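The block underneath contains the structure these notes are about, expressed in structure tokens.
The values are calculated or read from the model by the stated rules, or taken from the named source; none is laboratory data. Every value quoted in this text rests on a predicted model; they were computed, and no experiment measured them. Here Cβ is always computed from backbone atoms with ideal geometry, including for glycine, and neighbour counts include all displayed protein chains. What goes into the accessible areas is simple: the full protein's heavy atoms, side chains included, and nothing from ligands, DNA or RNA. Shrake-Rupley method; radii C 1.70, N 1.55, O 1.52, S 1.80 Å.
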Amino acid sequence: ELPALGLKDIDTRVSVEISNNGNIFVGPPAFIFTEISTRVAVNTRRRPKVLKLSPSSALVRGGAMIRVIGEHLDAYDDSVCQFGDNSTSAQILSPKMIVCGALPSAAAGTVSFNLVYGNEFTTAEPLKFAFIKPIVLRDVIPSSGPLQGGTSVLLRADAFDLTTSISCKFGDATVDAEILSPTTASCRLPPSQYADVVQLTLLYSDSGEVIAVAAPLTPTTFAYYDDPTMFRINPKTGPM
């Protein structure tokens with residue numbers, strides 16, 4: 001029997017050979033001798049540890065790239081990401097980050113997440129991952145604004161998740177959005193160089209995933225206009 005090594009968070013693999021004369025060693029199956037000497041080979045690797053997920057939620061359609069953040073995540077090449085009962089391959093980016101694609105889910109809800117290598121989990125208590133339905137956008141007020149930007153644009157929807165951070169994207173320009181209530185959010189119109197009609201989309205701030213679909217007859221575009229400039233008034237006076 002070997003004494004415990006006492007190495008915290010280390011996956012220790014030990015092979016033992018046994019001899020009764022100090023010269024001839026045999027491996028398993030083990031034999032019991034009255035006087036023995038042992039030769040031990042120890043191979044240690046740091047046990048991976050998952051600390052957080054970014055983002056910790058995705059749409060039920062799947063496909064979003066999830067960043068798994070932790071320590072010693074490169075210790076094993078065969079790690080997989082497990083969302084509830086479903087598993088998908090993991091791509092190692094560094095000892096502190098792995099990415100994996102969120103799998104489609106049949107229903108919205110929260111599932112357990114774990115990084116699995118071999119038959120072992122990296123965390124005794126799995127993290128939580130939420131699958132959510134797309135936000136249904138009901139109204140955009142106003143649906144046009146000046147080139148210089150700065151206008152507060154109000155978004156009405158069926159249900160905003162108050163625990164997530166979202167962004168508004170006007171064409172190619174992205175700005176932070178503020179969730180005011182479960183049905184209302186707002187964002188500040190960014191400036192534009194040209195008077196044009198651009199696509200308006202809602203994104204997860206962490207992943208850039210599009211999270212909203214438009215209800216019927218709801219505009220998904222935003223129109224920039226150039227404010228008129230006054231050069232002259234003619235005539236300057238007139239009858240009362």
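Counting only residues that are closer than 18 Å to V213 by Cβ, give me the strands (runs of 3 or more DSSP E) lying completely in the stretch 108-157 with at least 1 of them.
Numbers: elements: 109-117, 127-132, 135-141, 144-146, 152-157.
By residue number, 127-132, 135-141, 152-157.
Pairs are defined by a Cβ separation below 8 Å, a sequence spacing of at least 6 or placement on different chains, a first member in the stretch 122-133 that is farther than 14 Å from A108 by Cβ and open to solvent by less than 60 Å² (accessible area, probe 1.4 Å), and a second member that is charged (D, E, K, R) and at pLDDT below 85; the pairs so defined are T122/R47; T122/K49; T123/K49. The residue that is least open to solvent (accessible area, probe 1.4 Å), among those in the stretch 149-168 that are farther than 18 Å from A108 by Cα and hydroxyl-bearing (S, T, Y), is S167.
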